[in-house]
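S.K.: Questions regarding the structure given below will be posed in turn.
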There are 2 protein chains.
Amino acid sequence: MTLDEITRYLHEHIPLTRHLGATVLEWDGTSVRLGAPLAPNLNHRATAFGGSLSALAILSGWALVHLALRERGLDARVVIQRTELDFEEPVAGDFSATSALPPAREWERFLATLSRHRRARVTVSSTLSTTSGVGGEHRGTYVAVLTG
Amino acid sequence: MTLDEITRYLHEHIPLTRHLGATVLEWDGTSVRLGAPLAPNLNHRATAFGGSLSALAILSGWALVHLALRERGLDARVVIQRTELDFEEPVAGDFSATSALPPAREWERFLATLSRHRRARVTVSSTLSTTSGVGGEHRGTYVAVLTG
C-alpha cells in the first residue's frame, strides 16, 4: 500500500478525516506520520482545536498498529480503548502526529499475546508537532483482534 | 445566549464542529449536553470514530466551563490542557456528551483561584452516551484566564 492509498482508505472509511485534511506523510515500518493543515482545524483562538489534535493523534496510533500488523501478514481489527493527551504549546500552524512502535519488549509481548489469544492490547505514544514546536504528547491504547 | 446561539458560535469559530454536526442540546446552569449524529462520524467499523467522540467530549467540557463562568459574569479564555477518554461500548447511533460541574468544593476552589490569580485550572468529567448505553468516560482539564 502506498501512502496515498492509506490516505484514500482513511478518507473513504472515516469521513471526518477528509474534513480534518488528514494525510499519511510517512511510514517506514516502525513509525508513521500523519499531517493536517491548520485552516480546517482552527478554534476560536486562531490556533488548532484540541478535538482536531486529539483526532489526528488517535488516528496516527491506529494507523501505526494497523500498518505494523499488516506488514507482518496479520489482518486485525484495531480499535482504540483509551486516549490521553497532554497539550503543550498552542498549535498555530499546520501540524503532524508521529507515532512510533513501543519498546521492542512490549511490542514482542503484544505480538505473542495476539498470536496466542487472537486478541491483545498495546499502548502507542505519539507526538504532535508544528513548525513552532511540540503541540502535545499522546498515549493511545489499542486493542487488536485477529480477523484473518 | 440561547442554545442555538451557542451552537452557532461553535460552528462559526470552530469549523470542524460543523462537520461533526455538533449541537448544544441542553444547558441548565450546572450541566451541558452536546449531541452529534452518527453519519458524519462513522469509522471503518460502521460505529463512531474515536476522534469524533473525543472531539465532542472535549467540546462539551469546554462549553460547560465557558458557560458557567459567563453566567457568573466572568469573561475568560478557556483552553484544554489535558484530555483522557476511556472508551466503553462501540457507539452505533447518534451520540451525546454530557458534562457536569465538578463537586462544589472543587468548583469553589477554582473560582477562588481564578479571582485571586486571574488564572485557574479545573477538571470536568463528561459521559458519552448513545441509545444503547455508555460510549465512554472523559476527563478534561481546562485552564481559564480572565480577560474581562
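Coordinate-derived values only; no laboratory data. Since the structure is predicted, the reported quantities are computational estimates derived from the model, not experimental observations. Virtual Cβ from ideal backbone geometry, glycine too; neighbours counted across all protein chains shown.
S.K.: Quick one: A:D86 ticks every box in (1) within 21 Å of B:P90 (Cα to Cα); (2) surrounded by 14 or more Cβ atoms within 10 Å (Cβ to Cβ); (3) within 14 Å of chain B (Cβ to nearest Cβ); (4) not basic (K, R) bar one, so which box is it?
M.R.: (1) is the only condition that A:D86 fails.
S.K.: Another question, then. Would you point out the residue of region A:83-101, among those that are in contact with a helix residue (DSSP H, G or I) (Cβ under 9 Å, 6 or more places away or on another chain) and small (G, A, S), that is farthest from B:L10 (Cα to Cα)?
M.R.: Applying the first criterion (in contact with a helix residue (DSSP H, G or I) (Cβ under 9 Å, 6 or more places away or on another chain)) to region A:83-101 yields A:83, A:85, A:87, A:91, A:94-101.
Now restrict to residues that are small (G, A, S): A:96-97, A:99-100.
On the way: A:S96: 24, A:A97: 25, A:S99: 30, A:A100: 34 Å.
Out of the qualifying residues, it is A:A100.
S.K.: Right, next: Scan region A:4-45 residue by residue and report those that are in contact with a strand residue (DSSP E or B) (Cβ under 6 Å, 6 or more places away or on another chain), of a type in the set (G, A, S) and away from chain B (no Cβ under 14 Å).
M.R.: A:S31, A:G35
S.K.: Further, regarding this structure: Give the residue that is nearest to the other protein chains (Cβ to nearest Cβ), with candidates limited to residues of region A:46-63 that are assigned to a loop (DSSP other than H, G, I, E, B) and buried (at least 18 other Cβ atoms within 10 Å of the Cβ).
M.R.: Result: A:F49.
S.K.: In region A:64-105, how many are of a type in the set (G, A, S) and part of a loop (DSSP other than H, G, I, E, B)? Step through it out loud before you land on a result.
M.R.: Residues of region A:64-105 of a type in the set (G, A, S): A:68, A:73, A:76, A:92-93, A:96-97, A:99-100, A:104.
Add one more test, that the residue is part of a loop (DSSP other than H, G, I, E, B), and what stays is A:73, A:92-93.
So the count comes out to 3.
S.K.: If you scan region B:64-82, which residues turn out to be β-branched (V, I, T), in contact with a helix residue (DSSP H, G or I) (Cβ under 6 Å, 6 or more places away or on another chain) and either surrounded by fewer than 24 Cβ atoms within 10 Å (Cβ to Cβ) or away from chain A (no Cβ under 11 Å) (or both)?
M.R.: Listed by number, the list holds a single entry, B:V78.
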